[in-house]
Amino acid sequence: GRRVTVRDIQAAKSSGEKWPMVTAYDAMTARVFDDAGIPVMLVGDSAAMVVYGYDSTLPVTVDDLIPLTAAVVRGSSRALVVADLPFGSYQASPAQALETAARFMKEAGAHAVKLEGGHRVLPQVEALVSAGIPVMGHLGLTPQSVNAFGGYRVQGRGQSGEELMADAKALEHAGAFSLVLECVPTDLADRVTAALSIPTIGIGAGPGTDAQVLVWQDLMGLTERPAKFVKKYFDLHGEMDRAVRAFADEVSSGAFPAKEHSYS
Ligand code: KIV
Ligand code: NA
C-alpha cells in the first residue's frame with residue numbers, strides 16, 4: 001500500500017479517529033512500528049539523548065539526524081516520516097529553515113518537518129509551507145528552549161495559556177498541518193484541540209488531543225527515569241539486562257555456542 005499522507009491525518013481529525021505517533025531512529029525499529037500500523041513516525045531531536053547520549057536536545061546537528069531519518073524512511077513503507085529540525089537549524093531566518101528542511105527531504109526522504117515555537121517562527125512556517133513542505137508545529141514544553149524555561153516544567157498555566165492558544169491559532173493560520181502539545185494542562189490542550197481544525201498531538205497533554213506521541217524508548221521501558229506523562233508498556237531495560245547476562249554466563253561456562261550454532 002501507499003504511504004500515509006497529511007491528507008489522511010487531516011481526515012482523521014474530521015472523523016474524530018485518534019491515532020498514535022512514535023519516535024524512531026533506525027531502520028529495524030521503524031520496520032516493527034510500520035508493520036504494527038503506526039501511521040506517523042517522528043525522527044525526534046530526542047535522538048540527542050536516546051541515540052547520542054547528550055543530556056539535552058541542544059547539541060544534536062542536522063548532520064547527526066539526517067542518517068537516522070534516512071534509515072527510518074528506508075525501514076518503513078507505510079508511515080509518514082517527520083524530521084525534527086534541530087536547535088539552531090531554522091531560527092535564524094526563513095531561508096535557513098528552507099535550506100535545512102530541503103536537506104531532510106532530499107538527502108533523507110523525509111515527508112514533513114517539525115519545528116518548535118509560536119509567533120517567533122511563523123515566517124519560517126510560511127516559507128516552508130509555500131515551498132510545499134508539510135510542517136508540524138510544537139508548543140508548550142519545547143525542549144530546545146529549556147534554558148529559557150529554567151528546566152523541564154509544565155507550560156501554559158495561567159495567563160501563558162492564552163499566549164499558547166494564540167500561537168496555536170497562528171501556526172494553523174500559517175499552514176501547519178498538525179501541532180504537538182507537550183507538557184501542558186489537560187484543559188488547555190482540550191481547548192486548543194477544539195479551537196483548531198488541524199490535529200493536535202499530545203505528550204503530557206491529557207487524553208483529549210487528536211493523537212498521542214511517545215519516545216519509543218520511554219514506552220518500551222528502556223529509559224531510566226521517565227517523565228510522569230510516560231506509560232511503560234514493556235520492560236525492555238530488564239529484558240535486555242537479563243538476556244545479555246545470560247549470554248555472558250553461557251560464554252563463561254562454555255554453554256554457548258552449542259553444536260547447532262557451529263559449522264562442521
Ligand atoms: O524529539 C522528540 O522526540 C519530540 C517528541 C517528544 C514530540 O519532539
Ligand atoms: Na523534538
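Summary table
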{"item": "Matching residues in segment 37-75 - criterion: being more than 20 Å from Glu107 (Cα to Cα) and among the charged types (D, E, K, R)", "result": "Asp55"}
{"item": "Only one of Gly150, Gly132, Gly161 that is within 23 Å of Ser56 (Cα to Cα) and either more than 15 Å from ligand 1 (Cβ to nearest atom) or not assigned by TED's automatic domain parsing to the domain that holds Leu214 (or both)", "result": "Gly150"}
{"item": "Pairs with Cβ under 9 Å, 6+ apart, first in segment 82-106 and on the phi > 0 side of the Ramachandran plot, second in a loop (DSSP other than H, G, I, E, B)", "result": "Gly88/Leu58; Gly88/Thr61"}
{"item": "Residue, nearest to ligand 1 (Cβ to nearest atom), within segment 33-53, restricted to residues that are touching a residue at least 40 places away in the same chain (Cβ under 8 Å) and acidic (Asp, Glu)", "result": "Asp45"}
{"item": "Cβ pairs under 6 Å, 6+ apart, first in segment 54-71 and under 15 Å from Ala102 (Cα atoms), second more than 15 Å from ligand 1 (Cβ to nearest atom)", "result": "Val62/Thr100; Ile66/Glu107; Ile66/Ala108; Thr69/Ala108; Ala70/Ala108"}
{"item": "Restricting segment 134-178 to residues that are part of a loop (DSSP other than H, G, I, E, B) and within 14 Å of ligand 2 (Cβ to nearest atom), the residue that is nearest to Tyr90 (Cα to Cα)", "result": "Thr142"}
{"item": "Residues being within 14 Å of Lys13 (Cα to Cα) and of a type in the set (Gly, Ala, Ser) - total across segment 177-193", "result": "1"}
{"item": "Qualifying residues in segment 193-203 (those that are small (Gly, Ala, Ser) and surrounded by fewer than 23 Cβ atoms within 10 Å (Cβ to Cβ)) - the one farthest from Lys228 (Cα to Cα)", "result": "Ser197"}
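Residue by residue, here is whether (1) within 16 Å of ligand 2 (Cβ to nearest atom); (2) of a type in the set (Val, Ile, Thr); (3) assigned by TED's automatic domain parsing to the domain that holds Glu182; (4) in contact with a strand residue (DSSP E or B) (Cβ under 6 Å, 6 or more places away or on another chain) holds:
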residue: Asp35; (1), (2), (3), (4): no, no, yes, no
residue: Ile38; (1), (2), (3), (4): no, yes, yes, yes
residue: Gly44; (1), (2), (3), (4): yes, no, yes, yes
residue: Arg78; (1), (2), (3), (4): no, no, yes, no
residue: Tyr90; (1), (2), (3), (4): yes, no, yes, no
residue: Leu115; (1), (2), (3), (4): yes, no, yes, no
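So that you can scan it fast, the table gives a plain yes or no per residue for (1) closer than 24 Å to Ala11 by Cβ; (2) buried (at least 16 other Cβ atoms within 10 Å of the Cβ):
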{"site": "Asp35", "(1), (2)": "yes, no"}
{"site": "Gln91", "(1), (2)": "no, yes"}
{"site": "Leu98", "(1), (2)": "no, yes"}
{"site": "Ala108", "(1), (2)": "no, yes"}
{"site": "Val121", "(1), (2)": "no, yes"}
{"site": "Ala127", "(1), (2)": "no, yes"}
{"site": "Ser130", "(1), (2)": "yes, no"}
{"site": "Ile133", "(1), (2)": "yes, yes"}
{"site": "Gly137", "(1), (2)": "yes, yes"}
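The values are calculated or read from the model by the stated rules, or taken from the named source; none is laboratory data. Since we're looking at a predicted model, the values are computed, not measured. As a convention, Cβ positions derive from the backbone with ideal geometry for all residues, glycine included, and neighbour counts pool all protein chains shown.
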